[in-house]
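The values are calculated or read from the model by the stated rules, or taken from the named source; none is laboratory data. Computed from a predicted model, the values in this text were never measured in an experiment. Here the Cβ positions follow ideal geometry from the backbone for every residue, glycine too, while neighbour counts run over all protein chains shown.
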Amino acid sequence: MTRPRLRSISVPITFGAVTICLAVALLVGWTLITARAAGPAEDVARSLWLLVGGVLAFGVILTVLALFTVFLSRQILEVRRQDSFIDSVTHELKSPLASIKLCLQTLERPGLDPTQKAELQRMMSADVDRLAAFIDDVLQASRIAHERVGVTLSDVELRPLVEHCADAVASRHRVDRARLQVSVAPDLKVYSDRAALEIIVRNLVDNAVKYSDPPPSVDVTALLTEDRKVCRIEVQDQGIGVPPGDLSRIFHRFYRVSEEGVLKRRGTGLGLFVVSALVRNLGGDVEAFSKGLGTGTRVRVELPAAASGDR
């Protein structure tokens, strides 16, 4: 079954603009007619309330029309993003499944040596891990959207967690682990939710590798601020960068930058949305920095470093 074609976003904007212009024209015409028809001063005073009421009524109309236009435009954009998300999900599911099927068909061939079998099994395992990570992201985004995310706070050693995330991303994208540099003190701890923190770091490192041309160069740093109340985690890449106007939007659900370098890479627009929601849920802030396309991107996460009673 084919999906209905989406209407152009220019339609509600044009409709709202034309209606507003007509309302303004009517208001001006009404004012001129009233002024010309006015006789003595007492007649003007008697009809003044009618003119004021008309002005207020038109003000309400203009406000409603403007809000309607903004709301409808946002809804159309959201539908477009959801359509793009569905297309991305289809690709993300079919691609590893096709790879696994091909590996299984190859394993059925007689005469394969143990080395080839081991490589095929490794490829299938990597595809399964990729599917599992993708499904986890979708489920996590769904839970966040419905506000069903709880936190379990404890002391978390940050360096082992970041190293584990870097290892997983390097294995998933089949890149040299040495290209992912980790600068975290061995004794650095943060009072946070370990599962949420792992999702945050893994998604940030994964994004940095995904949106970098090979070979990637990614630096992950973490430190405490001078007052030791905030833990600052930064992921810096030398990748394709982000236009300044999109830096705040990349944390919106389903949003992807409409640049060729971004669109040619697989993605659903959920990774940074999940990061932003989890960081806010942990009482922190997240911000992205980039000078533009081709200049790389730096994402900074700031989280409370200790329990509220220890600050």
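May I ask you to list the residues in segment 262-303 that are of a type in the set (A, V, I, L, M) and either over 15 Å from the mean Cα position of the chain (by Cα) or outside the structural domain of Ala208 (by TED's automatic domain parsing) (or both)? Quick ask: steps written out before the conclusion?
Of the residues in segment 262-303, the ones of a type in the set (A, V, I, L, M) are 262-263, 270, 272, 274-275, 277-279, 282, 286, 288, 293, 299, 301, 303.
Leu282, Leu293, Leu303 - these are the residues of segment 262-303 that are of a type in the set (A, V, I, L, M) and either over 15 Å from the mean Cα position of the chain (by Cα) or outside the structural domain of Ala208 (by TED's automatic domain parsing) (or both).
Restricting to segment 249-283, count the residues that are closer than 23 Å to Val230 by Cα and without any contact (Cβ under 8 Å) to a residue 40 or more places away in the chain.
Filtering segment 249-283 for residues closer than 23 Å to Val230 by Cα gives 251, 272-283.
From the residues that got through so far, the ones that are without any contact (Cβ under 8 Å) to a residue 40 or more places away in the chain too are 251, 276, 280, 283.
Within segment 249-283, residues that are closer than 23 Å to Val230 by Cα and without any contact (Cβ under 8 Å) to a residue 40 or more places away in the chain number 4.
Considering only residues that are part of a helix (DSSP H, G or I) and out of contact with any helix residue (DSSP H, G or I) (no Cβ under 7 Å at 6 or more places or on another chain), which ones fall in segment 238-260?
Initial filter on segment 238-260 (part of a helix (DSSP H, G or I)): 244-246, 249-251, 260.
The answer is Pro244, Gly245, Asp246, Arg249, Glu260.
Of the conditions (1) under 25 Å from Ser290 (Cβ atoms); (2) of a type in the set (Ser, Thr, Tyr); (3) over 27 Å from the mean Cα position of the chain (by Cα), Ser125 clears all except one; give me its number.
(1)
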